[in-house]
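A.B. asks: Before I ask anything, here is the structure I am working with.
None of the figures in this text is laboratory data; all of them are computed from the coordinates on show. Bear in mind the structure is a predicted one, so any value in this text is a computation, not a measurement. Don't worry about glycine lacking a Cβ; one is built from the backbone with ideal geometry, like all the others, and counts go over all protein chains shown.
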Amino acid sequence: MTFTFTGSVRTGAGFSAIEVLIAAAVGLILTVVGLPSLTNTLGVYRIAGDAKNIAGSLAQAKMRAGATFSREQIQMDTTNKRIQFYQRLNAGASWVAEGGPRYLSSGVSFGYGTITAPAGGQSAISQSTAVTFNSRGIPIDDSTGQPKTDYAIYVKDGSGRYYAITVSLSGRSQIWKYSGTAWVAQ
């Protein structure tokens, strides 16, 4: 029995130039289609991560105040987009910086834009630039030493996403996300 092969025989291994170009074109199209979605996802992660970092910093300051029997404060530098820990051991002493500053992610800044509804327990929307905890971990007004319940830190990005971090009387931090009409607890 004899077999005859009438088709062409491919002697080289690999891909032809046309196959490589087609594969590259498909890859390029998928990249162009998926890039906006990836950019949006990264933006969401940046601002949500910064809100979580601020809430974690507030919790850390509260615990440090109790552990060191001092006043702890977190100051927000809204111009340079950074957070700094400070400690004051005595009532008459000055604030002493602890550690280095923590910066917001690229594209994220402090602020609430044109939103007029406050998050959490604030009576009117305003950006807190310093949050102070006494030695019992209670948020206080630094000048009077009285408990304060209207601390709120607002962050935003260039894509219209807004988050707020509020501090309750017990010192608990709460993260809020603006839905376009109201603040929603996260």
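A.B. asks: Would you mind telling me which residue in 130, 25, 51 has the biggest mean-square fluctuation in a Gaussian network model of the chain, where springs connect alpha carbons within a distance under 10 angstrom?
C.D. replies: Answer for the Gaussian network model of the chain: 25.
A.B. asks: Also, quick follow-up: Looking at (1) 108; (2) 142; (3) 234, which value of volume of the Cα convex hull per residue in Å³ comes from a calculation on the structure shown?
C.D. replies: The calculated read-out lines up with (3).
A.B. asks: Considering lysine pairs in the range 17-185 that are 8 or more places apart or on different chains, how many have Cα atoms under 19 Å apart?
C.D. replies: 7
A.B. asks: Compute the longest continuous run of the chain that contains no exposed chymotrypsin sites (Phe, Trp or Tyr not before Pro); treat a site as exposed when its DSSP state is not H, G, I, E or B and it has at most 16 other Cβ atoms within 10 Å.
C.D. replies: The segment 70-186 is the longest one with no such site.
A.B. asks: Also, I was wondering about something else. Find out how many positive minus negative residues lie around residue 120, taking Lys and Arg as positive, Asp and Glu as negative, among other residues whose Cβ is under 15 Å from that of residue 120.
C.D. replies: Numbers: positive: 148, 172, 177; negative: 150.
Taking every other residue near residue 120 into account, the sum is +2.
A.B. asks: Projecting each Cα onto the charge dipole of the range 17-185 (Lys/Arg +1, Asp/Glu -1 at the beta carbon, about the Cα centre), which of 130, 181, 32 comes out farthest on the positive side?
C.D. replies: 130
A.B. asks: Nearest 10 degrees, 0 to 90: what angle lies between the long axis of helix 17-68 and the longest principal axis of the chain (Cα atoms)?
C.D. replies: Orientation of helix 17-68: about 20 degrees from the principal axis.
A.B. asks: Dipole size in debye (nearest 20) for the chain around its Cα centre, Lys and Arg Cβ +1, Asp and Glu Cβ -1?
C.D. replies: Using only the charged Cβ atoms, the result is roughly 260 debye.
A.B. asks: Local charge sum around residue 148 (other residues, Cβ-Cβ under 12 Å, Lys/Arg +1, Asp/Glu -1)? Write out the running numbers ahead of the final one.
C.D. replies: On the way: positive: none; negative: 141, 142, 150.
Taking every Cβ under 12 Å from that of residue 148, the sum is -3.
A.B. asks: Name the trypsin sites (Lys or Arg not before Pro) in the range 155-185 that are in a loop by DSSP and that have at most 16 other C-beta atoms within 10 Å, would you? Don't skip to the answer; put the middle values down first.
C.D. replies: Values: sites: 156, 161, 172, 177; in loops: 161, 172.
Listed in order of number, the matching sites are 172.
A.B. asks: Once fully extended, how much extra length lies between residue 114 and residue 41, figured as 0.36 nm per residue of separation less the alpha-carbon to alpha-carbon distance?
C.D. replies: Contour length minus the Cα-Cα distance gives 23.9 nm.
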